[in-house]
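Where a number appears in this text, it was derived from the coordinates with a stated rule and is not lab data. In this text, all values refer to a predicted model and were calculated from it rather than measured experimentally. A quick note on method: Cβ atoms are made from the backbone with ideal geometry, for glycine too, and the neighbour counts reach across all protein chains shown.
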């Protein structure tokens, strides 16, 4: 699992976030936090680094014979993250496991990986700043009425909006961790005009150490107290599904998200994605059923956010237990 995550990790974006500059094809240079000189080289293909000043090596005996190994100033991706973020190894591993998995990747996770997910200690998430021009919601906005979002939802989830700046006229769906804002997604409260350069959802600007979408679950702090937790793709979907629902911000679930669910005490889930993501749900099902009492909820049409809440709850109750589906992995 960790080997796959290392290969999928966005190393180029990570290096750029630390001010890296391209040295030659496939290699980038950074200021080394130890010697404070621009001598730290990151090889994107090898997923490894070395510092020309700090590097030290020794010959060690292995089962395959003597091998030259780094003792300082060089190493792989996990070592690089530890160096740049000054964090413990388990935190660097958590960082890597939060990136890049798809539902089909998770089909090949082994029994040993299941234990790794439950034992994983996701890193503590750093608080981030509110977006510029953030404003509290004091009355129902037109967009809220259109999408079936109530003032009770605003208070429960801490929703707010922006009246200027990069997120102007966007409703902000935040993720909280012990009362700290650690992530958010801004959704446009308008329909695009013909030819308009339009992006429906905005995530926070990338910052060193900040959470990514595959590291969080919106609403988990409330949903974890319920016997079953509903998992949806988007934030409006989760709101319509009720207080026992979380949003994964996409069609995939990373090992870190699964670990956060497990660590929060969740043991039963209902996976309810949009109808066009049926294959993703079924690819995820064998893994989920190994960790949780899992049901797949199939919508006949539309996304969960387009359904009345009462009707949605009836559909959830008709969810199909994974262990009863012969074409899915037997648990």
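Table for the structure above
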read-out	value
Fully extended contour minus Cα-Cα distance, from residue 152 to residue 126, at 0.36 nm per residue	6.6 nm
Centre separation in Å (Cα based) which lies between segment 266-302 and segment 79-97	31 Å
Protection proxy ranking, peptides 274-280, 294-300, average beta carbon neighbours within 10 Å, highest first	294-300, 274-280
Segment 134-210: C-alpha gyration tensor shape, a/c 1.5 cut-off, then a/b vs b/c	oblate
In nm, spacing of pseudo-spin labels at residue 143 and residue 61 (7 Å Cα→C-beta vector)	6.6 nm
Most mobile of 50, 90, 139 in a GNM of the chain (Cα contacts under 10 Å)	139
Share, in percent, of DSSP beta bridges within segment 220-324 that are antiparallel, nearest 5	15 percent
Degrees separating the helix 278-291 axis from the principal Cα axis of the chain, which is the longest one	70 degrees
Prolate/oblate/rounded call for segment 2-97, Cα gyration tensor, a/c under 1.5 rounded	oblate
Theoretical ellipticity at 222 nm over the chain - DSSP helices of four or more residues, -39500 (n - 2.57) apiece, nearest 500	-8000 deg cm²/dmol
Rounded to 5, the percent of DSSP beta bridges in the chain classed as antiparallel	80 percent
Cα gyration tensor shape of segment 22-78, rounded if a/c is under 1.5, else prolate or oblate by comparing a/b with b/c	oblate
Residue of 93, 266, 29 that the Gaussian network model of the chain assigns the largest fluctuation, springs spanning Cα pairs under 10 Å	29
Relative packing of 74-86, 244-256, 115-127, which averages over residues the other C-beta atoms within 10 Å, highest first	244-256, 74-86, 115-127
